[in-house]
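Structure first, commentary second.
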Amino acid sequence: MEKIASFRIDHTILPKGMYISRVDGDIITYDIRTRRPNKEEVMSNGAIHTFEHLFATFTRNSVFADDIIYFGPMGCRTGFYFLVRNNVGHRDAIKLTQDTLEFIKNYEGEIPGVSEKECGNWRDHDLEGAKKEAEMMYEVLESWKPAKLYYPE
């Protein structure tokens with residue numbers, strides 16, 4: 001079988017950041033890399049889960065709500081995939097991600113969608129861990145520009 005695009009990225013040199021993973025028609029997949037692969041401890045499941053609930057809720061309530069396709073974790077626990085329609089330009093995707101990270105790092109209150117009825121693993125959440133993840137990534141992406149959206153070679 002042909003090697004898929006995400007396995008062709010050199011994970012030995014990949015820094016934290018936000019990258020264009022792929023473009024499929026009008027869908028852009030961003031790689032929001034929270035860890036240097038194989039060099040840093042991976043994110044905990046509880047922090048990932050809460051981060052995902054908060055990120056998805058915030059972005060799907062933004063002005064770009066109709067263009068948000070998906071937000072979810074990578075299996076390796078070193079980042080997330082964020083899929084949007086190309087109506088959301090790169091600059092807007094970066095700004096939306098920055099705004100969402102700021103929302104998460106300052107979030108107080110009940111985690112959205114955390115009940116047995118709403119969530120398939122409602123007991124495994126970590127708000128403080130998600131907030132720390134968001135704070136760390138906000139620092140990484142605070143001055144991110146579209147020119148930095150390309151993987152290093």
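Details
- Qualifying residue in segment 41-52 (condition: small (Gly, Ala, Ser), farther than 22 Å from residue 131 by Cβ and not in a helix (DSSP H, G or I)): no
- Total residues in segment 70-92, condition farther than 26 Å from residue 12 by Cβ and of a type in the set (Gly, Ala, Ser): 1
- Just one of (1) of a type in the set (A, V, I, L, M); (2) farther than 15 Å from residue 150 by Cα; (3) without any contact (Cβ under 8 Å) to a residue 24 or more places away in the chain fails for residue 96. It is (3).
- Test: residue 108 is assigned to a loop (DSSP other than H, G, I, E, B), closer than 17 Å to residue 58 by Cα, charged (D, E, K, R) and free of Cβ contacts under 8 Å to residues at least 12 places away in the same chain: yes
- For segment 111-153, the set of residues classified as of a type in the set (Ser, Thr, Tyr), loosely packed, with under 11 Cβ neighbours inside 10 Å and touching a residue at least 24 places away in the same chain (Cβ under 8 Å) consists of 150 only.
- Within segment 70-79, being in contact (Cβ under 8 Å) with a residue 24 or more places away in the chain and either over 23 Å from residue 46 (Cα atoms) or touching an Asp or Glu at 6+ places or on another chain (Cβ under 7 Å) (or both) holds for 73, 79.
- Flag for residue 27 being without any contact (Cβ under 8 Å) to a residue 60 or more places away in the chain, more than 15 Å from the chain's Cα centre (by Cα) and farther than 18 Å from residue 148 by Cα: yes
Residues checked against (1) part of a strand (DSSP E or B); (2) surrounded by 20 or more Cβ atoms within 10 Å (Cβ to Cβ); (3) acidic (Asp, Glu):
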{"residue": "11", "(1), (2), (3)": "no, no, no"}
{"residue": "20", "(1), (2), (3)": "yes, no, no"}
{"residue": "28", "(1), (2), (3)": "yes, yes, no"}
{"residue": "58", "(1), (2), (3)": "no, yes, no"}
{"residue": "62", "(1), (2), (3)": "no, no, no"}
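- The residue list 83, 101 contains one member that is modelled with pLDDT of 95 or more and either assigned to a strand (DSSP E or B) or touching a strand residue (DSSP E or B) at 6+ places or on another chain (Cβ under 8 Å) (or both), which is 83.
The values are calculated or read from the model by the stated rules, or taken from the named source; none is laboratory data. All values derive from a computational prediction rather than experimental measurement. Cβ: placed from backbone, ideal geometry, glycine included. Neighbour counts: every protein chain shown.
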